[in-house]
Amino acid sequence: MFHFSNIVRTKGDPKIIEGGPSPKQPADQLARALGWFSIGLGVVELFAPRRVTETLGMEGSETMVRAFGLREIVAGIMSLSVDKNAGLWARVGGDGLDAAALLSGLTADNPKKGNIALALLMVGGIAMLDYRAAQDTKPRRPARDATRKLFPSRSGYPKGLEGARGVARQIAAHANKSPSLNPS
Amino acid sequence: MKALVWHGKEDIRCDTVTDPEIQDPRDAIIKVTSCAICGSDLHLFHNFIPGMLPGDIMGHETMGEVVEVGSGVDGKIKKGDRVVVPFTIICGECEQCKRGNFSVCETTNRKRHLADKVFGHTTAGLFGYTHLTGGYPGGQAEYLRVPYADATHIKVPAGIPDEQLLFLSDIFPTGWQAAVQCDIEPTDTVAIWGCGPVGQMAIRSAILLGANQVIAIDCLPERLSMAEAGGATTINFEDESVVERLSELTDGKGPEKCIDCVGMEAHVMASQPDTLLDRAKQMAMIENDRPHVLREMIYVCRPGGIISVAGVYSGLSDMLPMGAFMNKGLTMRTGQTHVNRWTDDLLRRIEQGEIDPSFVITHTVPLEQGPEMYEMFRDKRDSCIKVVLKP
């Protein structure tokens, strides 16, 4: 089976014959997709806010759209990092803000209210994915108050702690034998 | 053969790969009998250190039996020898090797042009630790090619279990060098940040080198209990102020010697805003390291004291208090460990029963379980401190 990574192997180094199972879960892939989506949307909001407000009939809200774009980029970067769970929860919170902002523009006199309704539908769908990914990527670290094994008898000194201190005292008494940074 | 292969961030798999081959007359192939996951492997697992490529084999704490040697090893090792493999690949002939500065060997990094660009000068080739250090396949595998094998090995006797010898490859000499770099005096207080495997070895080393008082700092009960067993007074930084407690324990003067066994992934806490800022900058890739421990050491260290850095840092660290560092007249000593400089002495100490490094092992599993053990070790589940893998 062809493995792309093999083409950069130095001649003679081991090459992959058959890949083992990946520890990545579907939720990890979803988090990655949402992270990139977040960055993409954020870039559009940050650099083309007028196009967004015109599409939604919310002219005059460009500053808010830029701020939301920045938030999307930060949440996207977090979702792609090892702290992805924090990034995904940030996205869930951001979805709420997006929905609130869209609802504020859903007025009877807005000629683009159909677009807003469509956007609200999309935000709802994405929010469900964000929530699902956040739930499924919860850190598996034990809680701070979880019961832990303790190792009070693992000193590492077969002759006991006092024996180890005795060795040190012998070294001090023969200082010329103590290790030096300069071996020669 | 089976090997643990890096495929990307948080994606290490147990793949089937081709067996290693002799590439140079000075090579040897060993059949791995034991290998371990190092704390510094987690930096690669998180992809915080640049230079890994999909398909790279992990691992730099390895021992085993020699099964094949090249024509140029000159009888220094032979088939059947039992060897521990240092994580630093050394030629034994260059100016730095002759000075005992093995971790900055000038010869063995086969991709030295990368290291020259990034670090200014090349350092030694390392097993399984990015293409900056040669891109050599690592030892979390059934077999390992050892380049420059006539110099890069520690011959060990039969009759001592692997578990007592394996850590001569890295964490034991790393903790030892961290303590030796402190020039420990019998009246000294040595404060050690981080009670992971290297921190545990540094605690024992400081005791064996005659420190008057050793203080160990961490937040995990299992690690603190092991540190106490080794003779340290402990500080849980989630429960008490490190600065205040160190001051109390040293009559307000601060520890003379400080050892960093944490490195670039310092714990992030809301009560330490600098750690939050570092994490945000690291995430945005505008800072490589989270150097909270360095900042704290510089702040608490007694004027004229020594700071020894064993924890791994990869690149740029922000907001280091150079004013305090300079005005307090501190000395900082750092470096990847010159493993072979210390191993004769450390092997003798193991043989004489002064120390048994196997105390640190909490989990021993087959190699195939390696991928899940990376996650367990990272998450500190099941009180995991050190994982040994058996191919």
Straight-line reach from B:Lys328: which lysines fall under 20 Å, measuring Cα to Cα and dropping same-chain residues less than 8 apart? B:Lys253, B:Lys257
Expressed in µm² per second, the diffusion coefficient of segment B:254-320 from the Stokes-Einstein equation, with Rh the Kirkwood radius over alpha carbon pairs, at 10 °C and 1.306 mPa s, is 130 µm²/s
Mean per-residue count of partner chain Cβ within 10 Å for B:377-383 equals 4
As computed over the protein assembly as shown, the Cα convex hull volume per residue (Å³): 166 Å³
Angstrom value of the Kirkwood radius, inverse mean 1/r, which spans all Cα pairs in segment A:82-169: 18.0 Å
Over 14 Å, how big is the tail of the calculated P(r) for segment A:31-81, in percent of all Cα pairs? 46 percent
Peptide A:161-169: average number of partner chain Cβ atoms within 10 Å per residue? 5
Please figure out what share of the DSSP beta bridges in the protein assembly as shown is antiparallel and state it in percent, rounded to the nearest 5. 55 percent
With every atom except the alpha carbons ignored, what do you get for Rg and Dmax of chain A, in angstroms? 28.7, 93
When the scattering of segment B:51-137 is computed by the Debye formula from its Cα atoms alone, each counted once and equally, what is log10 I(q)/I(0) at q = 0.10, 0.22, 0.25 Å⁻¹? -0.28, -1.13, -1.23
Which value does Rg/Rh take for segment B:268-358 over its C-alpha atoms, Rh per Kirkwood? 1.10
Dividing the Cα radius of gyration by the Kirkwood radius, what Rg/Rh value follows for chain B? 0.95
Based on the mean of other Cβ atoms within 10 Å per residue, sort peptides B:203-212, B:304-313, A:137-146, B:112-121 so the most packed one is first. B:203-212, B:304-313, B:112-121, A:137-146
Averaged over B:73-84, how many beta carbons belonging to a partner chain fall within 10 Å of each residue's beta carbon? 0
For segment B:35-102, compute Rh as the Kirkwood radius over C-alpha pairs and then the Stokes-Einstein diffusion coefficient at 37 °C and 0.692 mPa s; write the answer in µm²/s, rounded to an integer. 223 µm²/s
By what distance, in whole Å, do the Cα atoms of segment B:96-207 stretch along each of the three principal axes, largest value first? 45, 40, 27
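Laboratory data are not the source of any read-out in this text; all were calculated from the coordinates shown. What you are looking at is a predicted structure, and each value in this text was computed from that prediction instead of being measured. We place every Cβ from the backbone using ideal geometry, glycine too, and count neighbours over all the protein chains shown.
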